Amino acid sequence: MKLKAFAFAILMLYVSLAFAQQEHTIQGTVLSADSLPVIGVNITAGKKLSGTTTDRSGHFSLGFLSEGNHVLSFTAMGFEKQSHTIVLTKDTLILIKLKPRIVTLSEVEIINSHHEFRRSNDSRPVEVVNDQFIRMNIAGSLMQSLDRLPGINSISIGSGQSKPVIRGLSFNQVVVAENGIKHESQQWGSDHGVEVDQFNVERIEVIKGPASLMYGSDAIAGVIDLKQSFLPEPRSLGGNIDLSGQTNNMLGAVSAGLHGRHKKLWAKARITLIDYADYGVPVDSVEYYSYYFKLKDRKLRNSAGEEKNGSVSLGWVTDKMSSTLFVNNTFSKGGFFANAHGLEIRNSQIDYDRSDRDIDLPYQQVNHFKVHSRNLINLNGINHQLDIAFQQNNRQEFSEAVEHGYMPKPPDSLERRFDKETWSVNYTLKNRETAKVNLSAGLNAEIQQNQSAGWGFILPSFSRIMAGAFLVGESRPTTRLLISGGLRFDAGNIRIEQYNDWFVSPVGAQDTTSVFKERASASDLDFSHLSWSAGMVYKYQKLTLKANIGNSFRMPLAKELASDGVNYHMYRFEKGNPDLKPETAYQLDFGVEINHSVWAFELSPFAGYFPSFIYLNPTYQYYEGLQVFEYKQSKVIRGGGEMHFHYNLGSKIKAGAIGEYVWSRQLSGEKKGFGLPLSPPASFLINLTFNPGDAGFLSDTWISADFKLVSAQNEIVPPEKKTPGHQVINLSSGTTFKAGNQPIILTLRLSNLLNTRYLNHTSFYRLIGVPEPGRGLNIGIRIPFLVKPKQLQK
């Protein structure tokens, strides 16, 4: 049981108050079935008019109670009501565990108090899932595995890499955090994935909408926070082994995790190895610049890859403090589709059809190292948290060395290298836990240094400093109403280094003097912004109403300010704009949620306004045969929302539906009247899940079918192409059985059942008409194990 021992340790802090003959006090803690504190539980004692509620630690206290029998009632949203009779002869200490009430809106049947609390007590749209959800929907990368959540999409880079999209926004407009620390890589690239081991993620919290108050710049569209939250029981040793395979790209993966704890000292470790071949598509050829390249065995040449990941966590926990050290390293190497990296491929001497598992030029190689120290301590009822983290992201892109324009043949194949180091410090303090008012304040600071190298220039070296301070709070005027709000101020500086070509070229058409052309000039820019947010949550019986309005911002990137080079991956020449201002946004979110005993419904509409949206604008100019794109700003309005509905058709069958829609329009600039690029089309998913129950040696069995309808996307920004609609069917199933006393969890997922040929509008290869992978079977096996002393097994 999670945090079981920790919860009991907290209870032991409560000592009985001074003895009184007539009146006594009942103190205690309310936990969920998985030993997490339950917040906001309403507690009454018999016919006593007054009551109390639990604080954020699940604690409560009822005083001035006479001797005798008292019936205590415990009620909380998401849990069954419980009543307990207490024979009171002295001050008493108790522990209560509530049983969860199944909330059918969740994508996972097993609901805990944290899921329910985050969903129902945040005025913004929030999704919370655990590692079970990832196993049920596992794909080639973590962000592809999250595609099923309403309002969440991904930009796929082949079958093994992807980046998140929240309500149509991506890149540096979405923050990916790990244990609360922003993941800092090269997020700006369409071909750059997120360097995270999805087997090492235990819980995911997704915030849809502005989240700058807690995360500062870049959280303008939302946050995906990946957490390792499981704390081993005292004097225990356990872990799990995960095996995964896919038929489409012949993926094989093995991940082994180990965790243990003595008393106060605990540790966790994990190693993951993944290898996959070229992935298959339901077409025989692909068009690129009017040339048709025939595919061998319907496989995308050179799309194979591999991952090697490792992580270690060490912790020390007491009743008043905890300290954790997270250390992880991820390494990935993946090829780019060889026939879509310049027409020079026609003259290449590489035999790409020799094997579907080798990784030839062009390919990318990324190593991400991160060390994070988290420290929490409670002093006089005030919680202090200090996070210090260091990250190094080393990204290298290799291509065949060929002469191009005035550039001679380079000496090696290293086209680009980006070496980024980031130091982060976050300090947060929270006031005494009460049921009425909670305040949090904090400071954040971040220092980045990015060094660029290689013969293919696109981004100069730069350094960036960011600092911010925030104050957020929430209040409960009544048990039904929660009001929240906050302010944050950020200031930042970015210094861009000058860059000149390593080869000479003429000054211009009229001046043939050969010079080392300046591609980026030195600059020193300052930015600042005040962000704010206000929201409310109102609950009445089975109805929950939400509203939130917020302002957020994003500091321009070095690439947006000073890029000046060819992006072969996107088939264009990209040029920065040093006059860009910070990107700001105002967004209004609403939410309506109804939770019935057999059905649930949620609607989450939103509307937003960007006074200065930053986008890459296609121009009429061409450079060495490639269209020139230049960063511009315009006023933009956006709107849309998500719908989620589940209905229990009995004790074993559940039907569900998920819908999402995003609309945008540029109100100024050269693309006035157009929408925004890479906007996902409207979609509607229908699900049917069957839980037959235990049968023989099988338990926790489930069978699920998804039918997804995706509309055509005709709202495009040239050179985007219109994408036709499609329908796709996915099947999945899972069960648990035992080999002796060893439980084994088996998951099967059949994607694209009918081998449908369809295009994904947000795919990296959409521009050249590469369809999504064909039919594929994914097999997942988890073998958990736990060793405990006999006295703990009692």
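When you restrict to C-alpha pairs under 8 Å that are six or more residues apart and normalise by the size of the chain, the relative contact order lands at 10 percent.
The protection proxy used here, the mean number of other Cβ atoms lying within 10 Å of each residue, ranks peptides 681-694, 446-459 as follows, highest first: 446-459, 681-694.
Computed from the alpha carbon positions, the gyration tensor of the chain leads to an equivalent ellipsoid with semi-axes of 48, 30, 25 Å, biggest first.
Among the trypsin sites (Lys or Arg not before Pro) within the stretch 389-475, those in coil by DSSP and having at most 15 neighbouring Cβ atoms inside 10 Å are Arg432, Lys436. Can you list the aspartates and glutamates whose alpha carbon is less than 17 Å from that of Lys299, not counting same-chain residues fewer than 8 positions off? Qualifying aspartates and glutamates at Cα under 17 Å: Asp275, Asp278, Asp284, Glu287, Asp351, Asp353, Asp356, Asp358, Asp360, Glu772. Enumerate the lysines that Lys436 could reach by cross-link, defined here as Cα to Cα under 19 Å, with residues fewer than 8 away along the same chain left out. Lys436 reaches Lys539, Lys546. In the chain, the DSSP beta bridges split such that about 95 percent are antiparallel, to the nearest 5. Using a cut-off of 28 Å between Cα atoms, the listed pairs Lys182/Lys721; Lys208/Lys654; Lys420/Lys635; Lys370/Lys581 include Lys182/Lys721; Lys420/Lys635; Lys370/Lys581 as exceeding that distance. With the helix formula -39500 (n - 2.57) applied to DSSP H stretches of n ≥ 4, the chain reaches a computed 222 nm mean residue ellipticity of -1000 deg cm²/dmol. Distance between the 7 Å Cα→Cβ label points at Leu588 and Tyr622: 4.7 nm.
Looking at the square roots a ≥ b ≥ c of the eigenvalues of the Cα gyration tensor of the stretch 614-685, which shape do they give, rounded for a/c under 1.5, prolate if a/b is larger than b/c, or oblate? It is prolate, given that a/c is not under 1.5 and a/b is the larger ratio. Rounded to the nearest 0.05, the FRET efficiency derived from the C-beta distance between Arg495 and Arg775 at R0 = 30 Å is 0.05. Quick check on the stretch 189-308: take the gyration tensor over C-alpha atoms, sort the square-rooted eigenvalues as a ≥ b ≥ c, and tell me if it's rounded (a/c under 1.5), prolate or oblate. Oblate, since a/c reaches 1.5 and b/c is not below a/b.
Here the stretch 380-431 and the stretch 454-509 have alpha carbon centers that stand 14 Å from each other. 3J(HN,Hα) couplings calculated from phi for the stretch 123-130 with the Karplus curve 6.51 cos²θ - 1.76 cosθ + 1.60 (θ = phi - 60°) are, in sequence order, 6, 8, x, 10, 10, 10, 9, 10 Hz; Gly and Pro show x.
Readers should treat all values here as calculations from the given coordinates under stated rules, not as data from a laboratory. It should be emphasised that the depicted structure is a prediction, and the values quoted were computed from it without experimental measurement. Note that we place each Cβ from the backbone using ideal geometry, even for glycine, and neighbour counts take in every protein chain shown.
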